[in-house]
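So the structure is just underneath, and the comments pick up after that.
The values are calculated or read from the model by the stated rules, or taken from the named source; none is laboratory data. Note that the structure is a prediction, hence the values are computed from the model and not measured. FYI the Cβ positions are ideal-geometry reconstructions off the backbone, even for glycines, and counts take in every protein chain you see. Just so you know, the surface numbers come from the protein's heavy atoms only, side chains and all, with ligands and any DNA or RNA stripped out. Shrake-Rupley method; radii C 1.70, N 1.55, O 1.52, S 1.80 Å.
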Amino acid sequence: MINMSNYSKNSLMQFINPKPDDIEICDVTLRDGEQTPGVVFSREEKIVIAEKLDSIGIEAIEAGFPVVSEEEEATVREIAHLGLDARICCLARSVAKDIDVALRCDVDFVSIFIATSDLHLKYKYHKTFEEAKSCALDVLDYAKDHGLTVRFAAEDATRTDINILKSIFKSAEEHGADYVSIADTVGILSPRTAFYLVSEIKKTIRTKVCIHCHNDLGMAVANTISGAEAGAFQLHTTINGIGERCGNASLEELLVSLRVQYGIERYDISQIVELSGLVEQYSGIPVPRIKPIVGANAFSHESGIHVAAVLEEPMTYELFAPEMVGAKREIIVGKHTGSKALKGVVQKMGYDLTNEQMCVLLDKVKKCGEAKRKVTCDRLSEFISELE
């Protein structure tokens, strides 16, 4: 039976029932995304991105790291005062002055981070775990004493001994943390270990758990979803997956996955391609053609068998309709185009050719394709005019 909705559902989900109980998304493009080497967003660009994220329905936006500069502080403060529905967050080290800056920004909550792995403690902080823990908890107390909602984040959590991680999250809970955050700082998790880790943390504390995944092994979105299935509440993303090294969990991939896999439809994903294009322009980082959801090839078809089927029913080779994310379908003719597919394209362009003309046209198209030259609709029209 053909599913006539605008996307296919993963019917196998009914056998495993893994739907996340309760989630929200915190997009960190304006902070972690800007830590991509060579990327700097202007004040105006940050505001456009924040407003767009809000219009999509993203629940929380990490607006920046305000202690970095006076300009950054001013931008975070301005975003916090835009009157968005999304709650605005900023990053803070385990340093009291960072909390003072966050207070001046008037953000809805602050993310206090401390590295917890032996590697970071030895080579970055030159402190023992107990020294770092004491410092972080003192700053957490300071933030809570000043009325802030606090997300307590363990940097490099996924290379931290799990019992150590449990102990610091338990202490953070006792000191009033509103969230604890697992940062997969170097992307070492796999979907199974992400599920296990979140499950273990959930056994230890009652506080809401966040998961922040990097993409060094190409599994950031999968790990984020697995964390959500295990009970993580706040899921961290960046637009186009930008971020340090290989980037973070991609917002667009996560949003569409939540819809297709779990039927979560509260986000307005029709703006995704537009938002992706803005961040591509602002960041200067090209979106790969084959990137899921927003890549130029996401809804492009050339193979003859595929095109023939798509012309009759697009869902034969499309998981979801391009219009769902604000994209358009593109039929490409070239080396792999068959006669049936080419005929369908030509008819859609308004031409009625004889079988002999179609054979000549197909030969021209294939030769052009083999020469690695793209056959656009304009080029196809030129070929057709030459036949008449």
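On the principal axes of its alpha-carbon atoms, segment 223-342 has extents of 50, 33, 22 Å, going from largest to smallest. Over segment 1-155, the pair-distance histogram of Cα-Cα distances with 10 Å bins from zero comes to 10, 32, 29, 18, 9, 2, 0 percent, rounded to whole numbers.
Charges only on Cβ, +1 for Lys and Arg, -1 for Asp and Glu: so what's the dipole of segment 170-327 about the Cα centre, in debye to the nearest 20?
Working: 11 positive and 19 negative charges, 124 e Å.
Roughly 600 debye, rounded to the nearest 20.
In order along segment 227-237, the phi-based Karplus estimate (6.51 cos²θ - 1.76 cosθ + 1.60, θ = phi - 60°) of 3J(HN,Hα) comes to x, 5, 4, 7, x, 5, 8, 9, 10, 9, 9 Hz; Gly and Pro are listed as x. Please go through segment 125-233 and write out the trypsin sites (Lys or Arg not before Pro) that DSSP classes as loop and that have at most 14 other C-beta atoms within 10 Å. Within segment 125-233, the qualifying trypsin sites (Lys or Arg not before Pro) (loop, at most 14 other Cβ atoms within 10 Å) are Arg206.
Each residue of segment 121-130 is assigned a 3J(HN,Hα), and the resulting list reads 4, 6, 9, 9, 8, 6, 9, 7, 4, 5 Hz, derived from the Karplus form 6.51 cos²θ - 1.76 cosθ + 1.60 (θ = phi - 60°), x at Gly and Pro.
P(r) tail, segment 53-122: Cα-Cα pairs separated by more than 21 Å, 29% of all pairs.
Ranking Val345, Asn355, Thr376 by how far each Cα lies toward the positive end of the dipole of the chain (charges on Cβ) leaves Asn355 at the top.
Would you mind getting me the FRET efficiency between His81 and Tyr125? Use the beta-carbon distance for r and R0 = 30 Å, nearest 0.05.
Approximately 0.30, to the nearest 0.05.
Legend: P(r) of the chain from all alpha carbon pair distances, 10 Å bins from 0, whole percents, reading 5, 21, 27, 21, 12, 8, 5, 1, 0.
State the volume of the convex hull built on the alpha-carbon positions of segment 328-381, expressed per residue in Å³ and rounded to an integer. Show your work: numbers first, answer last.
Values: hull volume 4.1 nm³, N = 54.
About 76 Å³ per residue, rounded to a whole number.
For the pair Asp22 and Asn6, the difference between a 0.36 nm per residue extended length and the Cα-Cα distance amounts to 3.3 nm. Note on the chain: with a GNM built from Cα contacts shorter than 10 Å, the maximum mean-square fluctuation among Ala298, Ala153, Ala232 falls on Ala298. Put simply, the amide H of Gly326, placed in the peptide plane, has no neighbours under 5 Å, leaving out anything fewer than 5 places away on its chain. Of the listed residues Arg329, Arg289, Arg31, the order by accessible area with a 1.4 Å probe, largest first, is Arg289, Arg329, Arg31.
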